[in-house]
Amino acid sequence: MIQFYSFVKKEFRHIFRDRRTILIMLGMPIVQIILFGFAISTELNNERVAVLDPSHDVLTHRITNEINASEYFSVVGNVSNADEVDAGFKKGNIDMALVFSPKYASKIPNGESHVQLIMDGSDPNMATTAAHYATSIIGDASKEQPTHVQNGIIPNIQLLYNPQMKSAYNFVPGVMGMILLLICAMMTSISIVREKETGTMEILLVSPMRPINIILAKMVPYMVLSFTNLLTILVLARFVLHVPIAGNLILLLLISLLFIVVALSLGLFISTITQTQVAAMLVSAMMLMMPTMFFSGMVFPVENMPEPLQWLSCAMPARWYIQAVRKVMIEGVGVRYVLTEIGVLLGMAVLLLGVSLKLFKNRLA
Amino acid sequence: MMIKFLIEKEFKQLFRNSFLPRMILMFPIMMMVLMPWAANMEIRNLNLCVIDNDHSMLSQRLVNRIEASTYFKLTSNKGTYAEGMNEIEAGRADLLLELPPHLERHVTRGEPAQVLIAANSVNGTKGGLGSSYLASIVRGNTDSMVSVRNLYNLHQDYKLFMVPGLMGILLTLLCGFLPALNVVSEKEVGTIDQINVTPVNKFVFILAKLIPYWVVGFVVLSICFVLAWAIYGFVPVGSLIVIYAGAVIYVLAMSGLGLVISNHSATMQQAMFVMWFCLVVFILMSGLFTPVRCMPQWAQYITMANPLKYFIEVIRMVFVKGSSWSDISLQLASLGVFALALNTWAVVSYRKSA
């Protein structure tokens, strides 16, 4: 036990000796959660609109003003023909064009007037969202009384969990998953491979410590660091990004701890299959970061993916963690709704830890 | 003449490595084959749970109309609101629609009747758009004097939007980060001292490090264009020359950045953490996944210092919209400034003495 303790102390010294690395490891998550928590957003704001209005009457002015007044759009200028719209899109100066038919107001009784929204469709998601908002604003503005009663049914819309439709509620759990996974996996794998590369691992291996203890001693400091990171991330998410912690905090911490163990075991696994720091870095950055960003549901919803990719996403530890955090932290549901996620993460931890300990021993022989 | 041998050495080192060449080949293929399918934010096939307390012709008609739309998939019928909420909490439904008792009677008498739509809005876009689509179907106002025309991406294909962006990421990784790791690794292993005592000029040394990765980067970029055409049938609307020109300037800028980081790091661990941090910030703040214009103003100012943002704009605008030289001159000029500044910094900060 004393042996183990002194090994842990050695690892802590390794980490704290290198000021720059410790700064990066503790500071990076802070910068990332703040930066990405605010910046990763799909909320429509200030879509630049060009107006093509040949009629210039009261009604078209009212519609244009209504569009401009909403927080989603800002009218940036008038154009006189469709070619200018195209040129604006190609330069990237405008995102949408609002085109009125000639003699708009006077032809309304005949039903001949209409509005066309020309969207820069290169980003289909933004184009659809913007077109939808614009359509409903135009609909409201052109009616005398802005009610929607057509067949007498009035829908009452209730937006659960996130009534202001803030993007942060969706993306913060994702960012948490990504940061924790990458920091833990990368830190552990690089620190172990580094000892291999510099040759100090041989010295450790001939010591009377059992290999499993060497590995565990390596994991303890990173576990402590990761848990510190987790706490700072949660505090920042709650008080800076104003993402609520609706569910049980203890449950959230336990799930996160489990995820940290999975990430550390993943790092351990990477370190057993790579020989150099560059390779370990590339595996954790490219083979782990890219798939995590794409397949974990962090940005792109898993249910939109084709079936085979949905299976692939099941192999991403971050997917289960993000799903669980969204449920516990944002929706505030109880433990019985996240049992699957916990089970899968537990299975992954056992599997990864088992496989890498086995591989590690093999290397000894 | 020296440079020829140095480049030969770099290529030999690159191909001697058992891992790197394989990764350089597999990674772009994985990126082009798998990633575009996953990158999709369309609001479609939302799971809907209906709580029909009316059981009338009208409610049946409403449900049929909803099912006919491409947005919703009716996954369950439940008796009570609590059961419906349970479906949402368990993640089996995204929205629920509760039709009150006597709905048909109220409507036929011309009295206003309220129905409840509750949407899981953890994903705000999904909840907001989904509930408002559902509301417009329920209301029955599908006729509108507003028509929408989407230019450039006629089939609303998210893949067309992502494929050029992914090429930008590939170039970033291959031409910006690999050479930098290479320089630091020579530092850590100590072989850089051997180079330093030779008469090799520092420009030549750095150039010899960069050229192989540039070659690799451009080969990979070309492979990507072929893959995009072969798998998805995407060909650039604009001119390939414009894209390659943008790529040249961008690659210069990223290589410069990589060198700056490697010059200022003592160990590989430091270099890698800093690079990784830059990489994540660059990717997430480039507009690749979520548009730059959705960010708060201060974050948009930060993105101005992100070379990847300009390159993604260039490649997307040219590839998808067919923008020309003059349309993207601002982006190209910004990239040029980055390339100049970063490379000057790299050369100034590189010391041949240890």
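Here are some notes:
- Computed from the C-beta positions of B:Phe203 and A:Thr340 and an R0 of 56 Å, the FRET efficiency is 0.45 to the nearest 0.05.
- With all protein chains in place and ligands, DNA and RNA left out, the 1.4 Å accessible area ranks B:Ser324, B:Ser265 as B:Ser324, B:Ser265, largest first.
- With R₀ set to 41 Å, the beta-carbon distance separating A:Gln275 from B:Ser326 gives a calculated FRET efficiency near 0.20.
- Only DSSP H runs of four or more residues enter the estimate; each adds -39500 (n - 2.57), and after division by the residues of chain A the mean residue ellipticity at 222 nm equals -20500 deg cm²/dmol.
- Using the Cα coordinates of chain B, the gyration tensor eigenvalues translate into equivalent-ellipsoid semi-axes of 55, 21, 18 Å, sorted from longest to shortest.
- Taking 7 Å steps out from each Cα toward its Cβ at A:Asn93 and A:Phe12 produces label points 6.2 nm apart.
- D_trans [Stokes-Einstein, Kirkwood Rh over alpha-carbon pairs] for the protein assembly as shown, 37 °C, 0.692 mPa s, µm² s⁻¹: 118
- Placing +1 on each Lys and Arg Cβ and -1 on each Asp and Glu Cβ, with no other charges, gives the range B:92-241 a dipole about its Cα centre of roughly 140 debye.
- If you sort the three axes of the alpha carbon gyration tensor as a ≥ b ≥ c, you get a/c of 1.5 or more for the range A:6-106 and a/b above b/c, which makes it prolate.
- Estimated 222 nm signal from helices in chain B, with DSSP H stretches of n ≥ 4 weighted -39500 (n - 2.57), rounded to 500: -19500 deg cm²/dmol
- P(r) weight above 14 Å for the range A:198-264, C-alpha pairs, percent: 68
- Furthest towards positive pole of dipole, A:Gly177, A:Ser207, B:Asn153, structure part the protein assembly as shown, Cβ charges: A:Ser207
- For chain A: rounded, prolate or oblate by the Cα gyration tensor [a/c cutoff 1.5]: prolate
- Counting Cβ atoms of other protein chains within 10 Å of each residue's Cβ and taking the mean over peptide A:278-286 gives 6.
- When A:Ile322, B:Ile206 are compared by accessible area at a 1.4 angstrom probe, the order from most to least is B:Ile206, A:Ile322.
- Dipole size of the range B:10-168 about its Cα centre, with +1 on Lys/Arg Cβ and -1 on Asp/Glu Cβ: approximately 660 debye, rounded to the nearest 20.
- Proximal aspartates and glutamates to B:Lys202, defined as alpha-carbon separation beneath 13 angstrom and excluding residues fewer than eight positions away on the same chain: B:Asp193
- When the pairs A:Lys218/B:Lys12; A:Lys90/B:Lys73; A:Lys196/A:Lys218; B:Lys159/B:Lys309; B:Lys73/B:Lys321 are compared against a 25 Å limit on Cα-Cα distance, A:Lys218/B:Lys12; A:Lys90/B:Lys73; B:Lys73/B:Lys321 fall above it.
- In the complete set of protein chains, residue-level accessible area for B:Met2 is approximately 90 Å², probe 1.4 angstrom.
- Charge dipole (the protein assembly as shown, unit charges on Cβ, about Cα centre) - positive-most of A:Asn162, B:Ile312, B:Asn53: B:Ile312
- Centre separation in Å (Cα based) which lies between the range A:33-87 and the range B:287-316: 19
- Bins of 10 Å from zero: percent of alpha-carbon pairs in the range B:184-296: 11, 29, 34, 18, 7, 0
- Simple point charges give the picture: +1 on the Cβ of Lys and Arg, -1 on the Cβ of Asp and Glu, and for chain A a dipole about the Cα centre of about 2200 debye.
- Distance from the range B:7-41 to the range A:176-194 (C-alpha centre basis), Å: 22
- Sparsely packed loop sites in the range A:28-137 (the GluC sites (Glu not before Pro) outside DSSP H, G, I, E and B with at most 11 other Cβ atoms within 10 Å) comprise A:Glu71.
- A Förster distance of 56 Å, applied to the separation of the beta-carbon atoms of A:Ile245 and B:Arg16, puts the FRET efficiency at 0.60.
The values are calculated or read from the model by the stated rules, or taken from the named source; none is laboratory data. Remember, it's a predicted structure, so these values are computed and weren't measured experimentally. Neighbour counts run over all protein chains shown; Cβ positions are idealised from the backbone, glycine included. Ligands, DNA and RNA are excluded from the accessible area calculation, which covers all protein heavy atoms including side chains. Shrake-Rupley method; radii C 1.70, N 1.55, O 1.52, S 1.80 Å.
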